2 protein chains.
Amino acid sequence: MKYKRSERMIDMTYYLLEHPHTLIPLTLFSERYEAAKSSISEDLTIIKGTFKEQHIGLIETVPGATGGVRYIPQVSEKDAEEFILWLCEKLSDSERLLPGGYVFLSDLLGSPEVLKPLGKIIASQFIDQKVDAVMTVATKGIPIAQTVANYLNVPFVIVRKDSKITEGATVSVNYVSGSSQRVEKMELSRRSLKKGARVVIVDDFMKGGGTLNGMRSLIEEFEAELVGATVFAESVFHGKRAVHNYRSLLLIEDVSVADKTIQVKPGNFLQKEPE
Amino acid sequence: MKYKRSERMIDMTYYLLEHPHTLIPLTLFSERYEAAKSSISEDLTIIKGTFKEQHIGLIETVPGATGGVRYIPQVSEKDAEEFILWLCEKLSDSERLLPGGYVFLSDLLGSPEVLKPLGKIIASQFIDQKVDAVMTVATKGIPIAQTVANYLNVPFVIVRKDSKITEGATVSVNYVSGSSQRVEKMELSRRSLKKGARVVIVDDFMKGGGTLNGMRSLIEEFEAELVGATVFAESVFHGKRAVHNYRSLLLIEDVSVADKTIQVKPGNFLQKEPE
């Protein structure tokens, strides 16, 4: 059965979106649609242009016999900024205030409306870099890890602070909780990471940075490599942070239980060089 | 700027895929592309046909002034069966065997390759039903809840067996762990569910069904409504199960640590009526 150009366009768009960061040989499409490679190339030129125009992402073309095309999800700086400002507003809602000055985030981190752009924006940082896995710590980091992994099309691994018999052999590290200065333990299943794997760390919240630092130690224990670390929100911390070189989408500047206010501004994510 | 039909097709496909289960008025598209509604209608007819042909899902048309189109992710029975059989093979790998007869699943539940079809398949069950939220219990159920919620385009909520200060006020229930017969406690943030919300339960694994039953009690406490329950895998259980009317994708029939074998077959998911 022959496909019309418009039908090819629809299915190719779907196929590319479903397989981000995957090199797709042109022969796959030409066989799928019983079309000449030259027609497929023309189709892809139109798709590439529309993906760029509509800020869907990049279509990368790799020439040669072993070449093909690759869809790379990307968010424009402007779209990222708008999303982060929208989040600032959402987070500033005094209804989110919890006893002890905590901020309720679970609804945001359980909503596809937030998680989809969030994952795409965080993944956009690594478009030029090889990433093999996304790492986070249970529980709240998981949705972020999953959405980032989805856009990078790599697995995500979950570090745990409690032991589970369903994880098999694990590797554990001790880390100093930055805020309380207590020594705690976190562990990851031995099977989760290969030696040399290039790993992106994500988490929901950072105060002192102890948890992030613990994950960095774990990556070292696996003889893997840290590519970058991003947190959804950080809070102002008056002390020496355990980590540097992280990105945060949001910065919680001040929480006042008495005044019922939460002051939130964009984190360092959009800055050219993180502080 | 005017868009060519092929450009419209690409962007409309993207837009529909990004907004599942959302009624999109035709005017949104006709304004977005500065095109007549009649042209948009023709475009959508082609998209509808291709989505059906390529098993991407349904495009539902709602006529009238308040109408529009809606993309409903759907997996064909054949594709679902193939995926489940592929999972059976993956799960039968004796390398997954852990001490105590447990089966290692974390790699599968951390892989986009598994989670995407899994979410789409589970969501396919509820195409005719209103769903307001997906519920699961931490930790292993989270990736499943997130992918199902993504395809249903609703939030997911995470029940916890440990208390967290970042959840605010919670509602808790006691439940009997089906296998050990111990009484345990699970809780959910008071803000997570509205009265009357229609809820889908998912989890990674079921033995006696106690956890699923606990979530059912929680739904009752919230005066919400259970729409359906699906687990990734169930194991054979020689006793009275605490739940009925659940779906399982996989059934772990037998695990022999001595023989190093795991016997897995499809669960009741594909059956017309669950046992």
Complete set of residues in segment A:130-155 that are facing chain B (nearest Cβ under 8 Å), closer than 14 Å to residue B:109 by Cβ and out of contact with any Ser or Thr (no Cβ under 7 Å at 6 or more places or on another chain) | A:143, A:146, A:149, A:150
Kindly provide the set of residues from segment A:97-108 that are within 19 Å of residue B:188 (Cβ to Cβ) and either aromatic (Phe, Trp, Tyr) or more than 9 Å from every other protein chain (Cβ to nearest Cβ) (or both), ordered by number.
-> A:102, A:104, A:108
Could you please find all residues in segment A:188-197 being over 19 Å from the mean Cα position of the chain (by Cα), on the phi < 0 side of the Ramachandran plot and assigned to a loop (DSSP other than H, G, I, E, B)?
-> A:194, A:195
Given the conditions (1) of a type outside the set (Ser, Thr, Tyr); (2) exposed (fewer than 15 other Cβ atoms within 10 Å of the Cβ); (3) within 10 Å of another protein chain (Cβ to nearest Cβ), every one holds for residue B:31 apart from (3)
Being under 20 Å from residue A:43 (Cβ atoms) and not assigned by TED's automatic domain parsing to the domain that holds residue B:120, is that true of even one residue in segment B:61-72?
-> no
Selection count, segment B:161-207, where residues are within 13 Å of another protein chain (Cβ to nearest Cβ), more than 17 Å from residue A:110 (Cα to Cα) and of a type in the set (A, V, I, L, M) | 2
Residues of segment A:109-145 classified as under 23 Å from residue A:191 (Cα atoms) and in contact (Cβ under 8 Å) with a residue 12 or more places away in the chain, total = 15
For residues in segment A:44-53 being of a type outside the set (Ser, Thr, Tyr) and more than 8 Å from chain B (Cβ to nearest Cβ), which is farthest from residue B:52 (Cα to Cα)?
-> A:52
Residues located in segment A:1-25, provided they are more than 10 Å from chain B (Cβ to nearest Cβ) and farther than 25 Å from residue B:114 by Cα = A:2
Just give me the residues in segment B:30-53 being farther than 23 Å from residue B:77 by Cβ and either touching a residue at least 40 places away in the same chain (Cβ under 8 Å) or not aliphatic (A, V, I, L, M) (or both), in sequence order.
-> B:30, B:31, B:32, B:33, B:34, B:37, B:38, B:39, B:41, B:42, B:43, B:45
Checklist (1) farther than 19 Å from residue A:52 by Cβ; (2) out of contact with any Gly (no Cβ under 8 Å at 6 or more places or on another chain) applied to residue A:77, failing item = (1)
Which numbered condition trips up residue B:258, out of (1) more than 21 Å from the chain's Cα centre (by Cα); (2) under 18 Å from residue B:85 (Cα atoms)?
-> (2)
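Yes/no per residue for (1) under 21 Å from residue A:146 (Cα atoms); (2) surrounded by fewer than 20 Cβ atoms within 10 Å (Cβ to Cβ); (3) touching a Pro at 6+ places or on another chain (Cβ under 9 Å):
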position: A:165; (1), (2), (3): no, yes, yes
position: A:181; (1), (2), (3): no, yes, no
position: A:191; (1), (2), (3): yes, yes, no
position: A:194; (1), (2), (3): yes, yes, no
position: A:253; (1), (2), (3): no, yes, no
Those residues of segment A:150-175 that are within 17 Å of residue A:213 (Cα to Cα) and small (Gly, Ala, Ser) come to a total of 1
Report yes if residue A:249 is within 20 Å of the chain's Cα centre (by Cα) and either free of Cβ contacts under 8 Å to residues at least 12 places away in the same chain or surrounded by 22 or more Cβ atoms within 10 Å (Cβ to Cβ) (or both), otherwise no.
-> yes
Just to be sure, is residue B:230 in contact (Cβ under 8 Å) with a residue 60 or more places away in the chain, of a type in the set (S, T, N, Q), within 14 Å of chain A (Cβ to nearest Cβ) and within 27 Å of residue B:124 (Cβ to Cβ)?
-> no
Taking residue B:68 as the residue in question, decide whether it is crowded, with 16+ Cβ neighbours inside 10 Å, within 26 Å of residue B:149 (Cα to Cα) and of a type in the set (Gly, Ala, Ser).
-> yes
Hey, among the residues in segment B:34-56 that are surrounded by 15 or more Cβ atoms within 10 Å (Cβ to Cβ) and aliphatic (A, V, I, L, M), which one's nearest to residue B:120 (Cα to Cα)?
-> B:56
Considering each residue of segment B:206-234, count those that are over 24 Å from residue B:153 (Cβ atoms) and either touching a helix residue (DSSP H, G or I) at 6+ places or on another chain (Cβ under 8 Å) or not assigned by TED's automatic domain parsing to the domain that holds residue B:149 (or both), and give that number.
-> 2
Would you confirm whether any residue within segment B:163-177 is in the same structural domain as residue B:206 (by TED's automatic domain parsing), more than 23 Å from residue B:223 (Cα to Cα) and at pLDDT 95 or above?
-> no
If you check A:62, A:75, A:103, A:134, which single one turns out to be over 16 Å from the mean Cα position of the chain (by Cα) and within 23 Å of residue A:198 (Cβ to Cβ)?
-> A:62
Selected residue [part of a strand (DSSP E or B), buried (at least 21 other Cβ atoms within 10 Å of the Cβ) and either at pLDDT 95 or above or aromatic (Phe, Trp, Tyr) (or both)] from B:227, B:200 | B:200
Within segment B:121-133, the count of residues that are out of contact with any Leu (no Cβ under 7 Å at 6 or more places or on another chain) and buried (at least 24 other Cβ atoms within 10 Å of the Cβ) comes to 2
Residue, farthest from the other protein chains (Cβ to nearest Cβ), within segment A:54-93, restricted to residues that are without any contact (Cβ under 8 Å) to a residue 40 or more places away in the chain and among the hydrophobic types (A, V, I, L, M, F, W, C) = A:65
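The values are calculated or read from the model by the stated rules, or taken from the named source; none is laboratory data. Source: prediction; values computed, not measured. All Cβ positions, glycine included, derive from the backbone under ideal geometry; neighbour counts span all protein chains shown.
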